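Nothing in this text is a laboratory measurement; each read-out follows from the coordinates by a stated rule. Here the structure is a predicted model, which means the values were calculated and not measured. Reconstructed Cβ throughout: ideal geometry from the backbone, glycine too, with neighbour counts over all protein chains shown.
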Amino acid sequence: MTTTLTTGLARLADPASRANPYPLLRELREASPFTDSASGIVVVGRRADCETVLRSPRVGSNRLGAGITKVPQQPNLMNLDAPDHTRLRRLAGKAFKPRVVERWRPRVEAVVRELLTDIAASGAGGVDMVSAFAYPLPVRVICDMLGVPREDHQIFEKWAHFIAYTVDPQLVPGELTTEVEAGVEEARAEFIDYFSRLIAQRKRAPRADVLSELIAAEEGGDQLDERELILTCILLLVAGHETTANLILNGVLGLLRHPDQLRLLRERPQLAEAAVEEVLRYDAPTQMITRIAREPFVLNDLQVAAGQPLLLLLAAANRDPRHHHDPERFDITRGDPGHLGFAAGPHFCLGSVLARMEGAIALRAFAQAFAEPRLDEASLHYRPHVAVRGPDRLRLTFEEVRLDSLPAAGRTREREAADD
Ligand code: HEM
């Protein structure tokens with residue numbers, strides 16, 4: 001059966017939907033799967049259908065030249081299928097194994113403390129959590145991991161903002177301005193130039209960072225070549241930056257809007273990991289991803305043709321009542337089956353361990369350190385991207401920042417010792 005609807009996708013692209021896309025996502029999920037008549041995109045919103053597509057060998061991730069994103073993508077991990085994907089993932093994955101990521105815990109805790117110290121020192125009683133906390137944290141961490149020097153961190157934020165458009169689906173033809181297109185091209189060229197130089201330096205003198213590990217990663221005589229290294233670095237920086245910042249911001253917002261949950265986290269800081277899972281489900285930083293049908297197949301009675309693009313509404317699937325009990329409720333103690341915030345199948349987020357660690361440390365510190373935090377609703381403003389959802393302004397007021405409530409550095413060492 002072929003179901004074609006004209007509803008929804010253009011409205012999803014409308015900036016007016018950014019503040020609360022969930023009523024629309026619900027409509028789309030309940031109507032799905034269907035083919036959007038304007039774009040030809042197959043819209044998939046139910047949890048079970050998303051999972052089927054993510055794990056199906058008939059569906060691929062190679063979107064190069066498919067015109068499904070606002071700007072063309074590059075042949076990185078995210079856009080390749082087996083066997084190229086398997087090979088790259090095995091090599092790049094070495095730097096993101098849980099034991100390797102755990103070594104960065106003290107650094108993440110130290111950055112959180114630095115940022116909160118600056119906020120406390122400003123003595124302002126109010127702060128923009130985007131620029132003072134959520135963005136600098138993952139940027140400093142991923143730049144440190146890649147070995148990018150401190151003085152270069154800020155330029156990366158600007159470039160990463162433009163590169164984020166490369167994962168935004170083209171919901172309405174011709175949506176992008178030439179100014180943004182030019183920004184993306186410039187950012188790409190600057191990234192390539194920057195990493196070529198950094199890679200050459202690390203080849204001459206390796207250090208204890210992820211870039212040196214990627215250069216050294218080897219299996220059966222196989223290594224990442226120069227171009228693969230550069231594209232992997234760009235992907236890591238972008239994938240590990242906007243998304244994690246948005247996880248923290250969507251979490252801060254969820255907690256501020258649900259004071260009972262904030263109180264719970266303050267009283268029981270060990271709930272921080274569960275709080276992260278709930279944010280990834282309730283207000284997913286990656287709202288949707290795309291795929292391409294490699295062969296014809298039938299999805300829940302809908303005929304999908306070879307070559308047809310698919311839009312998987314992960315954020316809608318995460319609130320599917322067929323899978324999650326009382327899905328519209330934000331509840332950091334919920335222990336129900338997992339979300340699709342990191343997708344599933346062969347492209348499951350490579351940085352999930354790092355993202356979970358950063359998110360938990362940040363949300364725990366937020367709950368513990370801020371006395372009487374209050375959201376300034378009028379300040380809340382969202383980024384223009386559709387796929388990567390999060391605010392670009394979120395001001396809150398507070399009475400004080402209690403640095404003595406944060407875990408002491410020694411706690412990390414004890415924990416590491418316990419883990420070893
Ligand atoms: C809360 C934060 C994050 C979220 C919500 C998130 C979400 C996702 C999602 C949904 C995918 C699947 C994309 C697709 O299949 O099209 C993905 C893939 C990926 N993520 Fe993340 N991510 C986060 C943080 C990170 C971090 C910190 C890193 C690394 C530093 C990272 C690196 C990657 C990479 C390399 C891929 C591609 C994996 C592959 O194609 O095999 N992500 N992420």
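Listed from fewest to most Cβ neighbours within 10 Å, the set Thr178, Thr117 follows the order Thr178, Thr117. For the stretch 226-372, the Kirkwood radius over C-alpha pairs fed into Stokes-Einstein at 10 °C and 1.306 mPa s yields D = 94 µm² per second.
For Lys97, the aspartates and glutamates whose Cα comes closer than 16 Å to its Cα, not counting residues fewer than 8 places off in the same chain, are Asp209, Glu213, Glu218, Glu219, Glu358, Glu416, Asp419, Asp420.
When the Gaussian network model of the chain links Cα atoms closer than 10 Å, the mean-square fluctuations of Tyr194, Tyr22, Tyr135 top out at Tyr194.
Using only side-chain charges placed at the Cβ, +1 for Lys and Arg and -1 for Asp and Glu, the dipole size of the stretch 275-420 relative to its Cα centre rounds to 380 debye. By the helix-only formula, in which each DSSP H run with n ≥ 4 contributes -39500 (n - 2.57) and the sum is divided by residues, the chain has a 222 nm mean residue ellipticity of -14500 deg cm²/dmol. Membrane-span-like helices in the chain, defined purely by DSSP H runs whose alpha carbon atoms cover 18 Å or more axially and whose average Kyte-Doolittle hydropathy reaches -1.0, are 105-122, 178-204, 226-239, 242-257, 352-369. Applying 1/(1 + (r/R0)^6) with R0 = 25 Å to the Cβ-Cβ distance of Val298 and Thr333 gives a FRET efficiency near 0.05. Kirkwood Rh, the stretch 23-143, all Cα pairs: how many Å? Kirkwood radius, the stretch 23-143: 18.8 Å.
Enclosing the Cα atoms of the stretch 4-419 in their convex hull gives a volume equal to 143 cubic angstrom per residue.
Across the stretch 4-419, the relative contact order, built from alpha-carbon pairs under 8 Å that are at least six residues apart, equals 25 percent.
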